[in-house]
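**Q** Before we start, here is the structure in question, set down as structure tokens.
The values are calculated or read from the model by the stated rules, or taken from the named source; none is laboratory data. No experiment lies behind these values; they were computed from the predicted model shown. When we count neighbours, we look across all protein chains shown, and the Cβ atoms used for this are built from the backbone with ideal geometry, even at glycine. SASA here: full protein model, heavy atoms, side chains in, ligands and nucleic acids out. Shrake-Rupley method; radii C 1.70, N 1.55, O 1.52, S 1.80 Å.
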Amino acid sequence: MPLNIIVCIKQLIDPETPIENLTIDTHSKDIDTIDHKELITNGFDLNAVEAALYLKDKYGAKVTIISLGTMESQNSLKRPLAMGADEAILINKPNTPIDSATTALLLSKTISLHIPFDLILCGRQASDWDNAEIPFRIAENLNISCISLVSKIEINESKLIATRALPNGLQKAKTNLPGLITITNEFGEPRYPSLRGIMSANKKNIKQITPTFLGINESDITTKTETIRINFQTRKKNCEFIQNENNEYAAQALTEKLKNLNLI
Amino acid sequence: MNILILVNTTDPEANSTTREAISVANKIDNQYSIALISKSEETLSHLQELNDICPNKIIATNPLLNTQSLDLWVESFKQVIKETNPKIILMVADVLTREISARLAAQLNIPLIQESSEIKIENNSLKFIRPIFGGIASATIQSDGISPLIVTLQKGAFGSSNIQKYPNPTTRYIQLELKTEMEKVKYEKLSPTSPSRLPMEKASSIVCGGRGLGGPEGFDLLSQLANILDNGTIGASRAACDAGWIDHSYQIGLTGRTVSPKLYFAIGISGASQHMSGCTKSQTIVAINTDPSALIFNEADIGLIGDWEKIIPILIEKIKTTK
Ligand SMILES: Cc1cc2nc3c(=O)[nH]c(=O)nc-3n(C[C@H](O)[C@H](O)[C@H](O)COP(=O)(O)OP(=O)(O)OC[C@H]3O[C@@H](n4cnc5c(N)ncnc54)[C@H](O)[C@@H]3O)c2cc1C
């Protein structure tokens, strides 16, 4: 039996967008790009897609991509399909603001439609708010085991063996399937889509699911926390430049400067 | 208001990080509790410093508690929360508590605010401020005031100036109900990447290299510089780690380590916000970069526009002769 793998992905503003091109959307209380640039797929989520495809290559698997987003997000679902994922589902994001609990609930309910699944993969965190909250909420909602910050995975007789990349070193962890793991960039670069992959992705249609279909009415959605303000952080310092007409002189000047500041 | 501070008792710096959480709690309300969980009370002796600086202490134990297991941490803290019914649950953010907090929030169906770096009281309600978008912006968040709330605190953001002595602290004991089946994931011991190295968080000087080094060899030269500095060690940007030039445990930044040395060298690093969020608390940042328009010069105290490969060898000699 091939594995049934689900990968959750999120679309967001490119985290490397220069600050001059960003603006605050006072209505949604979030950051936007000045020119409403197309969103990209969260980098860590692409690492998770790569992890799913690694398992598919090794053990055989059906890989389903799930995302909560607007219609524009459809485009970014093509990329994981072109990389080799089998199908993609887009949950239509409600118009009202939703919090992490509701997002996780919508994703969990969609995943429940895919029982029996073996493994859920998520990126370690989304590069916009960096909460790293949704994956854990999904695991708890579905009452399955979870392992975070994974840089390597193997499956052996329905046991998952993962290596976690922690700040102080590596840690092995084992659990029975089904389970959820969050993937970190140490897993390795996501593969490039092949030409054939791109063509077959263009032919695949993306399934759409509404919150109502999942039993959640927009009018019932409440949030327990509210963002009241967003501010840009101004961190500009006054940098004192060391003249560098020649390296010898510059190194000397820097040494003296550090000495005067008692730093060496 | 009723605050509960959940302590990561396995953090080697638990005394100082918990002081920070206590300092925050003192500002909000001086009736609060700290909860310490462990196999047995004896294994908590390293946390005695906390005894007389908080009004109420909860000690929750069970011999089955294996502190490697995140499942048991979550279950234990959940039992403590259910016993005490707090309105606000505080934890100091680290790799362990970031996961535990999210799982607790899900199990208890309550909201969570991660990595708060400032807390304000406005119109009688609490406002939590936290960095977003890799630190280029901040969000101010408030809860509905009805539901209990979990807040993780960014390490080092609050300081611990607000400490009081509580001469007659109370202690409450809770017997945790744990079963081995609750341990869904089995964790092995951590294998440290480089045990001999000076921990970056304790270093007084850090020489950090980025993609501008162009290859792994550059780090040898940076190590030579680090070795002649006061309590020095090396670090790296994510780009350098991802390129495979150096192990990821050297990574400084949002998804790496957070450091605050006296002297921080950023060499061949462009100054992306995700890198800077791990080092802005350094006392003095020195940037060496060939690109005069690099963002790093907006955040550095001392800048040198130039090629590290030419400058660093001379700098090492100059520092040696000055010392
Ligand atoms: C969610 C998320 C989390 C992240 N977490 C982190 C993190 O924890 N840590 C981190 O570092 N990054 C992190 N990043 C990545 C970050 O956005 C940047 O991509 C990364 O920091 C860039 O590394 P760099 O400065 O070494 O490389 P680059 O941006 O490529 O900069 C290289 C610099 O070297 C200079 N240079 C080139 N040659 C020379 C020379 N001979 N002499 C001197 N200077 C030279 C160039 O002018 C340039 O400024 C994260 C990104 C995301 C999206």
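**Q** For the range B:139-186, which residues satisfy the criterion of being part of a strand (DSSP E or B) and open to solvent by 50 Å² or more (accessible area, probe 1.4 Å)?
**A** Answer for the range B:139-186, where residues must be part of a strand (DSSP E or B) and open to solvent by 50 Å² or more (accessible area, probe 1.4 Å): B:Thr170, B:Thr171, B:Arg172, B:Tyr173, B:Gln175, B:Lys186.
**Q** Right, another one. Would you check which residues across the range B:34-47 are closer than 23 Å to B:Gln79 by Cα and either open to solvent by 20 Å² or more (accessible area, probe 1.4 Å) or not in a strand (DSSP E or B) (or both) and list them?
**A** Once the filter is applied, which keeps residues that are closer than 23 Å to B:Gln79 by Cα and either open to solvent by 20 Å² or more (accessible area, probe 1.4 Å) or not in a strand (DSSP E or B) (or both), the range B:34-47 yields B:Lys39, B:Ser40, B:Glu41, B:Glu42, B:Thr43, B:Leu44, B:Ser45, B:Leu47.
**Q** Tell me which residues, restricted to the range B:280-323, are within 11 Å of the ligand (Cβ to nearest atom), over 21 Å from B:Leu221 (Cα atoms) and in contact (Cβ under 8 Å) with a residue 40 or more places away in the chain.
**A** Correct list: empty.
Yes or no, residue by residue, for (1) in contact with a helix residue (DSSP H, G or I) (Cβ under 9 Å, 6 or more places away or on another chain); (2) modelled with pLDDT of 95 or more:
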| position | (1), (2) |
| --- | --- |
| B:Gln79 | no, yes |
| B:Ile88 | yes, yes |
| B:Val92 | yes, yes |
| B:Ser101 | yes, yes |
| B:Ala106 | yes, yes |
| B:Ile121 | yes, no |
| B:Arg130 | no, yes |
| B:Lys155 | yes, no |
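**Q** Does the range B:113-125 contain at least one residue that is more than 10 Å from chain A (Cβ to nearest Cβ) and open to solvent by less than 10 Å² (accessible area, probe 1.4 Å)?
**A** Checked against the condition, which is being more than 10 Å from chain A (Cβ to nearest Cβ) and open to solvent by less than 10 Å² (accessible area, probe 1.4 Å), the range B:113-125 yields at least one hit.
**Q** In the range B:262-279, what residues are more than 6 Å from the ligand (Cβ to nearest atom), within 11 Å of another protein chain (Cβ to nearest Cβ) and either over 14 Å from the mean Cα position of the chain (by Cα) or at pLDDT 95 or above (or both)?
**A** Scanning the range B:262-279 gives B:Lys262, B:Leu263, B:Tyr264, B:Phe265, B:Gly271, B:Ser273, B:Met276.
**Q** Counting only residues that are away from the ligand (no atom under 16 Å from the Cβ) and surrounded by fewer than 19 Cβ atoms within 10 Å (Cβ to Cβ), how many does the range B:194-214 have?
**A** 8
**Q** State all residues of the range B:206-234 that are touching a residue at least 60 places away in the same chain (Cβ under 8 Å) and touching a Lys or Arg at 6+ places or on another chain (Cβ under 8 Å); if no residue qualifies, say none.
**A** Answer for the range B:206-234, where residues must be touching a residue at least 60 places away in the same chain (Cβ under 8 Å) and touching a Lys or Arg at 6+ places or on another chain (Cβ under 8 Å): just B:Ile228.
**Q** Being over 20 Å from B:Gly214 (Cα atoms), more than 9 Å from the ligand (Cβ to nearest atom) and at the interface with another protein chain (Cβ under 8 Å from one of its Cβ atoms) is the filter here, so list the residues in the range B:229-261 that pass it.
**A** Within the range B:229-261, B:Leu229, B:Asp230 qualify.
**Q** Test B:Ser45 against the criterion of being in contact with an Asp or Glu (Cβ under 6 Å, 6 or more places away or on another chain) and farther than 17 Å from B:Tyr166 by Cα, and give yes or no.
**A** Taking the combined requirement at face value, the residue does not satisfy it.
Listed here are the residues, each with its yes/no results for (1) in a helix (DSSP H, G or I); (2) touching a strand residue (DSSP E or B) at 6+ places or on another chain (Cβ under 7 Å); (3) over 23 Å from B:Leu96 (Cα atoms).
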{"residue": "B:Gly235", "(1), (2), (3)": "no, yes, no"}
{"residue": "B:Gly244", "(1), (2), (3)": "no, no, yes"}
{"residue": "B:Leu254", "(1), (2), (3)": "no, no, no"}
{"residue": "B:Cys279", "(1), (2), (3)": "no, yes, no"}
{"residue": "B:Leu304", "(1), (2), (3)": "no, yes, yes"}
{"residue": "B:Glu309", "(1), (2), (3)": "yes, no, yes"}
{"residue": "B:Leu315", "(1), (2), (3)": "yes, no, yes"}
{"residue": "B:Lys318", "(1), (2), (3)": "yes, no, yes"}
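**Q** Does the range B:207-214 contain any residue that is under 30 Å from B:Leu72 (Cβ atoms), within 14 Å of chain A (Cβ to nearest Cβ), part of a strand (DSSP E or B) and of a type in the set (Val, Ile, Thr)?
**A** No, the range B:207-214 contains no residue that is under 30 Å from B:Leu72 (Cβ atoms), within 14 Å of chain A (Cβ to nearest Cβ), part of a strand (DSSP E or B) and of a type in the set (Val, Ile, Thr).
**Q** Those residues that are surrounded by fewer than 21 Cβ atoms within 10 Å (Cβ to Cβ) and not hydrophobic (A, V, I, L, M, F, W, C), I need them from the range A:85-101; list them, please.
**A** Passing the criteria: A:Asp86, A:Glu87, A:Asn92, A:Lys93, A:Pro94, A:Asn95, A:Thr96, A:Pro97, A:Asp99.
**Q** Consider only pairs whose beta carbons are under 6 Å apart and that are at least six residues apart or on different chains; among these, list those whose first residue lies in the range A:122-149 and is of a type in the set (A, V, I, L, M) and whose second residue is assigned to a loop (DSSP other than H, G, I, E, B).
**A** If the second residue must be assigned to a loop (DSSP other than H, G, I, E, B), the pairs left are A:Ala126/A:Lys10; A:Ala126/A:Asn42; A:Ala132/A:Gln125; A:Ile144/A:Pro178; A:Leu149/A:Arg124; A:Leu149/A:Thr184.
**Q** Suppose we filter the range B:215-241 for residues that are in contact with a helix residue (DSSP H, G or I) (Cβ under 8 Å, 6 or more places away or on another chain) and open to solvent by 50 Å² or more (accessible area, probe 1.4 Å); how many remain?
**A** The number of residues fulfilling the criteria is 3.
**Q** Same structure again: Tally the residues that are over 43 Å from the mean Cα position of the chain (by Cα) and facing chain B (nearest Cβ under 7 Å), restricting the search to the range A:211-249.
**A** Total meeting the criteria: 2.
**Q** Another one. Restricting attention to the range A:11-26, which residues are within 15 Å of the ligand (Cβ to nearest atom) and of a type in the set (Asp, Glu)?
**A** The answer is A:Asp14, A:Glu16.
**Q** Which number in (1) within 14 Å of chain A (Cβ to nearest Cβ); (2) among the charged types (D, E, K, R); (3) within 16 Å of the ligand (Cβ to nearest atom); (4) over 25 Å from the mean Cα position of the chain (by Cα) marks the one condition that B:Arg130 misses?
**A** Only one criterion in (1) within 14 Å of chain A (Cβ to nearest Cβ); (2) among the charged types (D, E, K, R); (3) within 16 Å of the ligand (Cβ to nearest atom); (4) over 25 Å from the mean Cα position of the chain (by Cα) is unmet by B:Arg130, namely (4).
**Q** Something else about it: Looking at the range A:179-197, is at least one residue within 11 Å of chain B (Cβ to nearest Cβ), over 30 Å from A:Glu72 (Cβ atoms) and open to solvent by 30 Å² or more (accessible area, probe 1.4 Å)?
**A** Checked against the condition, which is being within 11 Å of chain B (Cβ to nearest Cβ), over 30 Å from A:Glu72 (Cβ atoms) and open to solvent by 30 Å² or more (accessible area, probe 1.4 Å), the range A:179-197 yields at least one hit.
**Q** Only one of these conditions is not met by B:Gln164: (1) closer than 25 Å to A:Asp30 by Cα; (2) modelled with pLDDT under 95. Which number is it?
**A** So B:Gln164 meets the others, but not (1).
**Q** Next question. Any idea which residue in the range A:128-164 is most open to solvent (accessible area, probe 1.4 Å), counting only those that are within 27 Å of B:His248 (Cα to Cα) and among the acidic types (Asp, Glu)?
**A** A:Glu154
**Q** Just the residues that are crowded, with 20+ Cβ neighbours inside 10 Å and not aliphatic (A, V, I, L, M), please, taken from the range B:63-96.
**A** Passing the criteria: B:Ser69, B:Asp71, B:Trp73, B:Glu75, B:Ser76, B:Phe77, B:Pro86.
**Q** Looking only at the range A:136-177, filter to residues that are modelled with pLDDT under 95 and outside any strand (DSSP E or B); which one of those is farthest from A:Val49 (Cα to Cα)?
**A** Of everything passing the filter in the range A:136-177, A:Asn168 is farthest from A:Val49 (Cα to Cα).
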